[in-house]
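Below is one structure, written out as structure tokens; the observations come after it.
The values are calculated or read from the model by the stated rules, or taken from the named source; none is laboratory data. Just so it is clear, the structure is predicted and the values come from calculations on it, not from any experiment. Quick reminder, even Gly has a Cβ in these numbers, built from the backbone with ideal geometry, and neighbours come from all protein chains shown. Side chains included, ligands, DNA and RNA excluded: accessible areas come from the protein's heavy atoms. Shrake-Rupley method; radii C 1.70, N 1.55, O 1.52, S 1.80 Å.
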Amino acid sequence: RAANDSSGAARGGEEEARGGGHDPGMSDTEWEAGAVDKRGSSTCSSGLCDVVPTPMDELPWQLLFHEAEAFLQQGRVLEAEERLVIVLRKQEQTEGRNALVSASVLNNLAHVARLQGDLASAELMLNRVILIQESHGGEGTLELAESLAHRAMLLRERGVVERAEADSTRALRILEATEDRDSPAMASALNLVAMLALDLGDRELADTSLHRAIRILEEALGYDHPDVVPTMRNHGMLYMQMGDYDSAIKLFKRGIEILDSSYGSGLAEKAPLYHSLASALEQQGDAAAAADCLREVLKGKEAASRDPEKDLELVPIMISLAHNLANAKDFKAAARMRMRALGIQKANFGWNTVEVAENLLGLAIDLSRLRKYRSAEKRMSVAYKIMRSKLGKDHERVQKVGHALLRMRRELKKAQEQKDAQDQGGADPDLDSVPSDGV
């Protein structure tokens, strides 16, 4: 994929002009190889066969594939990718390049690439998936409709609107013509139809599609089957976009209850639902309940993380949790959570970034609400200096922080004058115990 980043820009104009078709300098066979061929030269057609064997190479590909899917659900992207690459190599060696199982693996690898921000490679992988599916089932399979829908959303992210609309139209035409209308595969396809409909602004079609998908899954799998939960979450997210937070909260809570009663459903599986529930509760103004949900999200992510002390994916959750704790008037817990986030940020890229400055600013506000004005002023001063060095003194955000810093210093001066006037000999407003964040 790294090689693709440098070559993709040069070919981008020609590819779009040709509707996403062949590179003028590539044969049909070369084009079908897609993004995986970009990984480097090798004796294997996919460029993956020269990888040094690892203990995982000795495991059955089915086991590795199921592990990879589980890791993807838990957000453990790198571990999923490692296994998918091995599975793809095994499949190409035994089944050939055009096996349907290779399409399933490539679909997951495309998802990994998309999560990592490599949209160009994700598109190339989906191109190959679609070629494989067309060669096996022609125009009428649900799997092909799903792949087209995935590529449509990817193309829209890349700003290639005409090709995205063409894929969307083709996917919907396949779904309308299919006879397999009550299978779980149709429910999965209807989820994608809903996403496409939302992308096009058709909330009514999205709502209808998700209602139908949930009904199909409940009838096929059971009312409390965990495979119904992802569609419930999608429907809840739609309700949130429509402003119907009560309905969204009911669906999120029901999904959590189903996973609670399902064997093996741990925190990692429930984290996305808790995150969505927290967002809905926050919109309703229930900051304390939102904070409780975000604590569960954090627990799940920490349990799945290889190194929670350095995992940057935890930082946005911690900051969101701190924000809700502050709104719930638990300023001490909010300050401690921000300090944890600062520790991770510092471990990864030091102090001198705007993201660190924003977090320091939030910490300063929480400390000021605890009347720890000296600690608050110290952190706000550091935040101001970082922002000024990165954004320039005339930046609007820098000027706002500068005014806030002046107000903070006035509060500190006022508190010190009150202490001197009362001459109580008690604690300075800033001298109560405050955990160090390294500033």
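Odds and ends about this structure:
- Selection status of ARG128, closer than 28 Å to ALA213 by Cβ, modelled with pLDDT of 85 or more, surrounded by 14 or more Cβ atoms within 10 Å (Cβ to Cβ) and among the charged types (D, E, K, R): yes
- Selection within segment 372-411 - assigned to a helix (DSSP H, G or I), over 18 Å from GLU358 (Cβ atoms) and open to solvent by less than 40 Å² (accessible area, probe 1.4 Å): TYR373
- Boolean, LEU148 is in contact (Cβ under 8 Å) with a residue 24 or more places away in the chain, open to solvent by less than 40 Å² (accessible area, probe 1.4 Å) and of a type outside the set (S, T, N, Q): yes
- Some residue of segment 267-281 being over 22 Å from ARG369 (Cβ atoms), surrounded by fewer than 23 Cβ atoms within 10 Å (Cβ to Cβ) and of a type in the set (A, V, I, L, M): yes
- The set of residues in segment 74-103 that are open to solvent by 50 Å² or more (accessible area, probe 1.4 Å) and in contact with a helix residue (DSSP H, G or I) (Cβ under 9 Å, 6 or more places away or on another chain) comprises ARG76, LEU78, GLU82, THR94, GLU95, ARG97, ASN98, LEU100.
- Checking segment 333-347 against the condition returns no match, with no residue being more than 24 Å from the chain's Cα centre (by Cα), more than 19 Å from PRO316 (Cβ to Cβ) and open to solvent by 20 Å² or more (accessible area, probe 1.4 Å).
- Residue check for LEU109: modelled with pLDDT of 75 or more and closer than 28 Å to ARG158 by Cα: yes
- Residue pairs meeting the criteria (Cβ under 7 Å; at least 6 apart or on separate chains; first farther than 11 Å from LYS250 by Cα, in segment 225-238; second assigned to a loop (DSSP other than H, G, I, E, B)): PRO226/SER262; PRO226/SER265
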